[in-house]
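Inspection log for the structure reproduced underneath, given as structure tokens.
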Amino acid sequence: MGNIVLAIPLAPTAFTTLFNDDERFYKGYLKRFNGRWVDTGDAGMIDESGYVHIMSRSDDIINVAAHRFSTGKSTSDTDRFLPILELTCGLVPGAIEQAILSHPEVGEASVVGIPDSLKGHLPFAFIQPRTGAGSIPATPSPQLFKEVNALVREQIGAIASLGGMIQGRGMIPKTRSGKTLRRVLRELVEHAATGDYNATVTFPPTIEDPDVVNVAKARVREYFEAKEKKQDKAKL
């Protein structure tokens, strides 16, 4: 699976720019591939017959190096795609989220990629408990993490094993139409992984509740600071 692009000079629409905003047009469609290709924002593959198959949005794909991803289902379509798949696999967060949601204690989940020195990225989960109220730590219990990870490994495969999990309430940002803003969560964990807890994270004007981003930011900081303390303690 890879990025689907269009050859220059074909524009993403009948228009060759955005009204009074050439810079935004360049950043949105051309900058990613140095002006050589138009970025559609889609990810997919081309089969042996030359047909393009759009599988997901490119910002929803988690790349894990040196593995092929399989859902465990064998169909004529997937068999046909295997010869053209690269060693870098694309994990679709939605599939991992469904596995996480099969745990009876999880009411909501969102998965993003977190940088990893060995594999490039690892799936990282944000979960909201199905029941209960009051304050809970950002770091889930080892037992809950173990159970959720076991479901992911069982339903998807060992390659989808989680690199971490944060729990909390009211921390998963969404648009007014109900779409989860994974990009916001991804930026938060990417910054936190480098110790930058105060980085500014942008979000679209269509966000349902901007305060949710601050809740997520606080949860991410609590999780990573606790992780750092645990690692420092282990070194002593």
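The values are calculated or read from the model by the stated rules, or taken from the named source; none is laboratory data. These figures come from a predicted structure and were not determined experimentally. Note: ideal-geometry Cβ built from the backbone for every residue, glycine included; neighbour counts use all protein chains shown.
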Problem set entry | Search result, residues across segment 119-154 that are under 25 Å from Arg183 (Cβ atoms), in a helix (DSSP H, G or I) and touching a residue at least 24 places away in the same chain (Cβ under 8 Å) | Val148, Val152
Exercise. Mind checking which residues of segment 192-236 are modelled with pLDDT under 95, part of a helix (DSSP H, G or I) and of a type outside the set (A, V, I, L, M)?
Worked result: Lys227, Glu228, Lys229, Lys230, Gln231, Asp232, Lys233, Lys235
For this session: Quick one: in segment 155-167, of everything that is in a helix (DSSP H, G or I) and touching a residue at least 24 places away in the same chain (Cβ under 8 Å), which residue is surrounded by the most Cβ atoms within 10 Å (Cβ to Cβ)?
Result: Ala160
Problem set entry | Yes/no for Gly170 being loosely packed, with under 12 Cβ neighbours inside 10 Å, without any contact (Cβ under 8 Å) to a residue 60 or more places away in the chain, in the same structural domain as Val112 (by TED's automatic domain parsing) and not in a helix (DSSP H, G or I) | no
Exercise. In this structure, is His53 outside any loop (DSSP other than H, G, I, E, B) and modelled with pLDDT under 85?
Worked result: yes
Exercise. Can you tell which of Gly113, Gly178 is modelled with pLDDT under 95, outside the structural domain of Ile61 (by TED's automatic domain parsing) and in contact with a Leu (Cβ under 9 Å, 6 or more places away or on another chain)?
Worked result: Gly113
